[in-house]
1. Report whether or not residue 74 is among the polar types (S, T, N, Q) and under 23 Å from residue 129 (Cα atoms).
2. Against the condition touching a helix residue (DSSP H, G or I) at 6+ places or on another chain (Cβ under 9 Å), of a type outside the set (Gly, Ala, Ser), modelled with pLDDT of 70 or more and open to solvent by less than 40 Å² (accessible area, probe 1.4 Å), how does residue 125 come out, does it pass?
3. So if I check each of 6, 54, which one is on the phi < 0 side of the Ramachandran plot, at pLDDT 90 or above and of a type outside the set (Phe, Trp, Tyr)?
4. Determine the pairs where a residue that is free of Cβ contacts under 8 Å to residues at least 24 places away in the same chain, located within region 38-53, has a partner that is buried (at least 16 other Cβ atoms within 10 Å of the Cβ) and among the charged types (D, E, K, R) with Cβ atoms under 8 Å apart, the partner being 6 or more residues away or on another chain.
5. Working carefully through the options 80, 75, find the one that is in contact with a helix residue (DSSP H, G or I) (Cβ under 9 Å, 6 or more places away or on another chain), assigned to a helix (DSSP H, G or I), among the aromatic types (Phe, Trp, Tyr) and open to solvent by less than 20 Å² (accessible area, probe 1.4 Å).
6. Between a first residue in region 92-109 that is polar (S, T, N, Q) and exposed (fewer than 15 other Cβ atoms within 10 Å of the Cβ) and a second residue that is at pLDDT 85 or above and not in a loop (DSSP other than H, G, I, E, B), which pairs have beta carbons less than 7 Å apart while being 6 or more apart in sequence or on different chains?
7. Report, by residue number, each residue of region 19-69 that is in a helix (DSSP H, G or I), open to solvent by 70 Å² or more (accessible area, probe 1.4 Å) and more than 30 Å from residue 104 (Cβ to Cβ).
Amino acid sequence: MRDRQAFRDARRAREFEAFVAGAAGRLLHAATLLTAEDPDANPRARRLLTRALAHTYACWDRLHGEDPYDMARQFLALRFANSAWHEYGGPLSRTRPHPRSALAVLTPRERLILVLRLYEGVAEEQTAALLGLPTERVHILCERATATLLHPPRQAAPRVVGAEVAPS
């Protein structure tokens with residue numbers, strides 16, 4: 001009996017290690033885009049990825065033919081969405097996106113929808129169902145985020161204080 005359990009545990013560990021070897025890079029990149037951190041210094045994205053992989057491992061035996069990447073991506077997106085208020089928009093906000101990130105100009109929800117739709121290729125209906133939003137709202141937010149990235153808001157022109165001409 002113990003041999004069978006040990007064999008199942010070893011097989012589970014090998015399968016999960018193979019999954020992580022193939023999917024962790026892409027999931028980390030998605031998490032880095034979500035948090036809008038510098039790719040070389042992304043502690044929040046790494047924490048997000050670690051939690052998503054831990055959750056996927058805990059549910060590994062219950063997948064029954066489901067895609068583990070899809071489960072990890074969903075957990076990553078939901079964890080980011082749930083923590084966005086506390087990390088970015090709440091009154092006790094501790095962290096901000098990296099200022100050089102192109103995605104830093106977007107709100108966390110816009111970043112989430114943009115990453116799911118354009119980077120991950122998740123359908124509009126699936127994104128809406130995952131986030132609990134109407135499909136039209138996801139469409140509008142994705143268009144707004146794309147427009148913001150393509151045509152960033154202009155910075156106010158510096159005020160030029162002209163030299164006054166001395167009376168002659």
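The values are calculated or read from the model by the stated rules, or taken from the named source; none is laboratory data. Quick caveat, the model's predicted, so the values are computed rather than measured. Cβ placement follows ideal geometry from the backbone for every residue including glycine, while neighbour counts extend to all protein chains displayed. All accessible areas refer to the heavy atoms of the entire protein, side chains included, with ligands and DNA or RNA removed. Shrake-Rupley method; radii C 1.70, N 1.55, O 1.52, S 1.80 Å.
1. Numbers: among the polar types (S, T, N, Q): yes; under 23 Å from residue 129 (Cα atoms): yes.
Here the answer is yes, as residue 74 does meet what is asked.
2. Working: touching a helix residue (DSSP H, G or I) at 6+ places or on another chain (Cβ under 9 Å): yes; of a type outside the set (Gly, Ala, Ser): yes; modelled with pLDDT of 70 or more: yes; open to solvent by less than 40 Å² (accessible area, probe 1.4 Å): no.
No; evaluated as a whole, the condition is false for this residue.
3. Working: 6 fails: at pLDDT 90 or above.
Going through 6, 54 in turn, the sole match is 54.
4. Within 8 Å, the pairs are 43/37; 45/37.
5. 80
6. 95/44
7. Within region 19-69, the subset in a helix (DSSP H, G or I) is 19-35, 43-58, 60-62, 68-69.
Next, from what is left, pick out any that are open to solvent by 70 Å² or more (accessible area, probe 1.4 Å): 21, 26, 29, 43, 46-47, 50-51, 57, 61-62.
Matches in region 19-69: 21, 57, 61, 62.
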